[in-house]
Amino acid sequence: MFSKKYHDIFKKDTRVEEILLPWRILTFIDNKIAAYRKGEFNRLKLNPGEFSEEKRKEILRKEFLLYSNLIILYFIHNLIYKRYGDYTPEIARQLLNNQLERRIQSLFDYTVAVLSYSEKLSAEKNLPRLLKNIFNINALYSEVEKEIEKDKAKRENTLEKILPNL
């Protein structure tokens, strides 16, 4: 892989912002998933009687998170690209500010909310296998995009609301 793509991946003109932004986003995602795993998911597995049926279903609808940190990073990258039409060092630099965590929280929550109700995910018994296939990942991203388009039809532009004008 690196012999063919080395110069595409490790460009001489790569700026620190282009690397720092995805790293900060991934760190945020990892922390949110760890909190879900340590909190709700493990508590449910250890003591299922502690939760109502509705709460159990809500927790299990998010089980995909356990296998999705890089997938959610990919989705957020796509949403940034969709919002700005590009991913440049300047865009990365402008997003790296004290509002970044709040914005990533909003994108994360939005994505998780959409995927929590995905029929594709809820019908699958082997989530790790499903989430290893790029066609399935792209189908799930299409579900997120469809919700964004539905929001636009309601005159609410989710991406503009979450990500600033640059």
- Message: Run lengths n ≥ 4 of DSSP H only: what is the helix-derived mean residue ellipticity at 222 nm for the chain, with -39500 (n - 2.57) per run over all residues, to the nearest 500?
- Response: -21000 deg cm²/dmol
- Task: Excluding residues fewer than 8 places away in the same chain, name every one of the aspartates and glutamates whose C-alpha is closer than 16 Å to that of K57.
- Result: E40, E119, E124
- Query: Under a straight-distance cross-link criterion of Cα-Cα below 29 Å, which lysines are reachable from K11, leaving out those fewer than 8 residues away in the same chain?
  - Reply: K82, K132
- Message: For the pair K161/E101, report the inter-label distance in nm, with labels modelled 7 Å from Cα in the Cβ direction.
- Response: 2.3
- Message: On a straight-distance basis, which aspartates and glutamates could pair with K161 in a cross-link, Cα separation under 16 angstrom, same-chain partners fewer than 8 positions away excluded?
- Response: E101, D109, E145, E147, E149, D151
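Could you give the dipole magnitude of the chain about its Cα centre, charging the beta-carbon of Lys and Arg +1 and that of Asp and Glu -1, in debye to the nearest 20? Don't skip to the answer; put the middle values down first.
On the way: 31 positive and 24 negative charges, 62 e Å.
For the chain, the charge dipole is close to 300 debye.
Can you give the FRET efficiency to the nearest 0.05 for D109 and T14, using r as the Cβ-Cβ distance and R₀ = 30 Å? All intermediate terms of the calculation are to be shown ahead of the outcome.
Details: r = 30 Å, r/R0 = 1.00.
It comes to 0.50.
Multiplying the sequence separation of K38 and K150 by 0.36 nm and subtracting their Cα-Cα distance, what value in nm do you get? Before the final figure, lay out each step's value.
On the way: separation 112, 0.36 × 112 = 40.32 nm, distance 3.36 nm.
Working it through step by step, the gained length comes to 37.0 nm.
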- Item | Relative contact order for segment 34-166, counting Cα pairs under 8 Å that sit 6 or more residues apart, in percent | 27
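Rule-based calculations on the coordinates, nothing more; no lab input. What you see is a predicted model, and the numbers here were worked out from it, not measured in a lab. Don't worry about glycine lacking a Cβ; one is built from the backbone with ideal geometry, like all the others, and counts go over all protein chains shown.
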